[in-house]
Amino acid sequence: MKLGVVILAAGQGTRMRSARPKVLHLLAGTPLLGHVIGAAKSCGADRIAVVYGHGGGHVQEALADSELTWVEQAQQLGTGHAVIQAMPAMAAMDKVLVLYGDVPLIRPETLNSLLQSGSESPLSLLTVELPDPAGYGRIVRDSTAGIQRIVEQKDASPQELLITEINTGILVAQRDRLEGWLAKLSNENAQGEYYLTDIVAMAVAEGEQVLSAQPADIHEVVGVNDRVQLAELERCFQSLRAQELMRQGVTLRDPARFDLRGRLSVGRDVEIDINVLIEGDVTIGDNVRIGANTVIRNSRIGDGVQIFENCVIEDADVGGESKIGPFSRLRPDTVLAEQVHIGNFVELKKTRVDQGSKINHLSYVGDSIVGKRVNIGAGTITCNYDGANKFQTVFSDDVFIGSDTQLVAPVEIGAGATVGAGTTVTRDVPPHALALSRVKQSHVMNWERPKKKPK
């Protein structure tokens, strides 16, 4: 059985008060539509058609994917009309699953449950009970609890408005039967639109039993209509991710103050303090400690690493048993070997640091190779940029760099060499040599400091 998925994503989202299409607003760092596409792929969809309208060019550009079929809905004439536009793309499919681009938390497990019920009927709906169903279409059942039809809020009678089971809009149907029902849709209703929900009554009239499935959590079927709802779903998503991590053995000092905006692979006995943000693809090994207010993006953190407070680590690889921070920044293409110490207010960029080396205070090291057991003192700067090009600095093994040193690249410090504090290095330093470039110290005896003139 081939499964086609139609994702409705043509709405303008006026309540977002944004020039950006609603489905491109971010939840956990991913566009709303991206979450829905991911769920559809997880269900084994053979073809996914995205129906776009407002800002369609931006939507296609942001979610460029050769596996998607893009279908334009030039006029916004309702959900039924939107699905009609996508049906030619579903011609070779056996089943059609309809999803919504602004309902980002739908789980593949829930969709699989719906698809299972859909295997027993030509039409199956995803429904949910709400304590306050205002604004949603109601599920009207007969005396035997069989689904008879869906009535929209504006078309409902006072008695029907008391129904708390609502239609989520998500459904699965046999493709050939769905085409027949769509051809019979009418827009004679309060909104003047073609309601997809009208196919339910058509199926019942043909003697079909319409089945239903329900999500495990209400938030799975909540749509985003404004920024308040977007924020609510963000916190819901983060709460779910935090629970998953804690069940895997991660200690979160405060789950409400942790954000995951990407994919995290984590080892055992990891402790994460408050206000930590994980973005992109991040791997964290065993026995790692991460201090408060730290950002880790697209990086690998080895076993036994300690990251102290207020660090930013981006596109970096941190070797096991290393210590980072507080207030350290590892910029892209930084690679640290095992047992490296990067201390407070140190910035590294495009630099490889070998085992046992230390850069502990107030330094910038960029475009560099740092050997083993190197000690770089406070206030050291690699002058790697001449305004047009960047050059490399090489620190060989067992080098000692004194405080307040500037190294004008390209330059190489030989193995075992020492650079005295306050030195500006402009030439290669031979192995085991001492490099100095200080002005000779002099004294003015009996010096009197200037005094303020009396008023």
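The values are calculated or read from the model by the stated rules, or taken from the named source; none is laboratory data. Predicted, not measured: the structure shown is a model, and the values here were computed from it. Ideal geometry is used to build each Cβ from the backbone, glycine not excepted, and the neighbour counts take in all protein chains shown.
Candidates A256, A242: the one that is over 23 Å from S322 (Cα atoms), of a type in the set (A, V, I, L, M), surrounded by 16 or more Cβ atoms within 10 Å (Cβ to Cβ) and modelled with pLDDT of 95 or more is A242.
Of the numbered criteria (1) touching a helix residue (DSSP H, G or I) at 6+ places or on another chain (Cβ under 9 Å); (2) in a loop (DSSP other than H, G, I, E, B), the one L125 fails is (2).
Give just the number: which of (1) over 32 Å from the mean Cα position of the chain (by Cα); (2) modelled with pLDDT of 95 or more does K349 not satisfy? Unmet condition: (1). In this structure, A203 does not qualify as aliphatic (A, V, I, L, M), in the same structural domain as A145 (by TED's automatic domain parsing) and part of a loop (DSSP other than H, G, I, E, B). Give the number of residues within region 260-279 that are under 18 Å from P104 (Cα atoms), in contact (Cβ under 8 Å) with a residue 24 or more places away in the chain and surrounded by fewer than 19 Cβ atoms within 10 Å (Cβ to Cβ). Residues meeting the conditions: 1. Across region 34-58, the number of residues qualifying as in contact with a Phe, Trp or Tyr (Cβ under 9 Å, 6 or more places away or on another chain) and modelled with pLDDT of 90 or more comes to 6.
Of V151, V210, V172, which residue is under 39 Å from the mean Cα position of the chain (by Cα) and under 30 Å from P31 (Cβ atoms)? Result of the check over V151, V210, V172: V172. Close contacts from region 306-320, counting a first residue that is surrounded by fewer than 21 Cβ atoms within 10 Å (Cβ to Cβ) and a second that is aromatic (F, W, Y), with Cβ to Cβ under 6 Å and a gap of 6+ residues or different chains, come to N310/F327. Does region 187-200 contain any residue that is in the same structural domain as D94 (by TED's automatic domain parsing), closer than 16 Å to L123 by Cα, touching a helix residue (DSSP H, G or I) at 6+ places or on another chain (Cβ under 7 Å) and surrounded by fewer than 20 Cβ atoms within 10 Å (Cβ to Cβ)? Looking through region 187-200, none of the residues is in the same structural domain as D94 (by TED's automatic domain parsing), closer than 16 Å to L123 by Cα, touching a helix residue (DSSP H, G or I) at 6+ places or on another chain (Cβ under 7 Å) and surrounded by fewer than 20 Cβ atoms within 10 Å (Cβ to Cβ). Selection of region 54-92 for residues being polar (S, T, N, Q), surrounded by 19 or more Cβ atoms within 10 Å (Cβ to Cβ) and without any contact (Cβ under 8 Å) to a residue 60 or more places away in the chain yields only Q85.
So that you can scan it fast, the table gives a plain yes or no per residue for (1) among the aromatic types (F, W, Y); (2) closer than 16 Å to V370 by Cβ; (3) surrounded by fewer than 15 Cβ atoms within 10 Å (Cβ to Cβ):
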position	(1), (2), (3)
T382	no, yes, no
S396	no, yes, no
F400	yes, yes, no
I413	no, yes, no
T424	no, no, no
A433	no, no, yes
L436	no, no, yes
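So is G44 without any contact (Cβ under 8 Å) to a residue 24 or more places away in the chain, surrounded by fewer than 20 Cβ atoms within 10 Å (Cβ to Cβ) and in contact with a strand residue (DSSP E or B) (Cβ under 9 Å, 6 or more places away or on another chain) or not? No, not satisfied. Would you please name the residue that is surrounded by the most Cβ atoms within 10 Å (Cβ to Cβ), looking only at residues in region 135-170 that are out of contact with any helix residue (DSSP H, G or I) (no Cβ under 8 Å at 6 or more places or on another chain) and basic (K, R)? Per the stated criteria, the residue is R141. Conditions first: (1) in the same structural domain as H361 (by TED's automatic domain parsing); (2) farther than 23 Å from L362 by Cα; (3) aliphatic (A, V, I, L, M). V444 passes all but one, so which condition is the exception? Answer for V444: the failing condition is (1). Go through region 215-263 and report how many residues are of a type outside the set (G, A, S) and either within 24 Å of L24 (Cα to Cα) or not assigned by TED's automatic domain parsing to the domain that holds G285 (or both). So the answer is 28.
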